[in-house]
Amino acid sequence: MRLLGEEAGPAAAYETAAAYETAAVVTAALIAASFRSAEAAGALSRFWADRYERSTPVVTRAAARGELAPGTDARALLVTATAPLYQELLLLRAAPDPRLPERAAWAAAAAARAGAFATP
């Protein structure tokens, strides 16, 4: 997924339908395991915290270029950009839509430009 002309971290791996579908299966298994094991829950939390932190520079650079509102909360933006993927694949069990990551990124970026994720 591209966000403002740059690869946007957590969803960037979903560029093909096959990768998207594989990621959904793996993610569902990890989430299920996290409900049965405190160790798995901690590992999953650390994994996602790391992924979002690694993606923060994309948001920081976009804000510096004036493409996002000043003070945009990178994590909130990135969670919003990836949430539709999990909603569709894990909750609705919909077939992978290879256009969804890009659409979700653009929708989240539009909200960020409008100041939806600006911190006070």
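All told, Leu85 meets the bar of being in a helix (DSSP H, G or I), open to solvent by less than 30 Å² (accessible area, probe 1.4 Å), touching a residue at least 40 places away in the same chain (Cβ under 8 Å) and closer than 30 Å to Ala114 by Cβ. Going by what's in this entry, would Glu67 be described as acidic (Asp, Glu), in a helix (DSSP H, G or I) and in contact (Cβ under 8 Å) with a residue 24 or more places away in the chain? No; evaluated as a whole, the condition is false for this residue.
Conditions (1) assigned to a loop (DSSP other than H, G, I, E, B); (2) more than 14 Å from the chain's Cα centre (by Cα); (3) not small (Gly, Ala, Ser), marked per residue:
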{"position": "Ala28", "(1), (2), (3)": "no, yes, no"}
{"position": "Ile31", "(1), (2), (3)": "no, yes, yes"}
{"position": "Trp48", "(1), (2), (3)": "no, no, yes"}
{"position": "Arg54", "(1), (2), (3)": "no, no, yes"}
{"position": "Thr60", "(1), (2), (3)": "no, yes, yes"}
{"position": "Leu78", "(1), (2), (3)": "no, no, yes"}
{"position": "Ala95", "(1), (2), (3)": "yes, yes, no"}
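Looking across Ala114, Ala108, one residue alone is open to solvent by 60 Å² or more (accessible area, probe 1.4 Å), of a type in the set (A, V, I, L, M), in contact (Cβ under 8 Å) with a residue 24 or more places away in the chain and over 20 Å from Val26 (Cα atoms). It is Ala114.
Pull up the stretch 13-54, narrow it to residues that are touching a Pro at 6+ places or on another chain (Cβ under 6 Å) and either open to solvent by less than 30 Å² (accessible area, probe 1.4 Å) or at pLDDT 90 or above (or both), then point me to the one that is nearest to Ala105 (Cα to Cα). So the residue we want is Tyr14. The residues in the stretch 55-64 that are touching a residue at least 24 places away in the same chain (Cβ under 8 Å) and open to solvent by less than 60 Å² (accessible area, probe 1.4 Å) can be counted, and the count is 4.
The values are calculated or read from the model by the stated rules, or taken from the named source; none is laboratory data. Small disclaimer: the values here were computed from a predicted structure and weren't measured. Don't worry about glycine lacking a Cβ; one is built from the backbone with ideal geometry, like all the others, and counts go over all protein chains shown. Remember, those area values only see protein heavy atoms, side chains included, never the ligands or the DNA or RNA. Shrake-Rupley method; radii C 1.70, N 1.55, O 1.52, S 1.80 Å.
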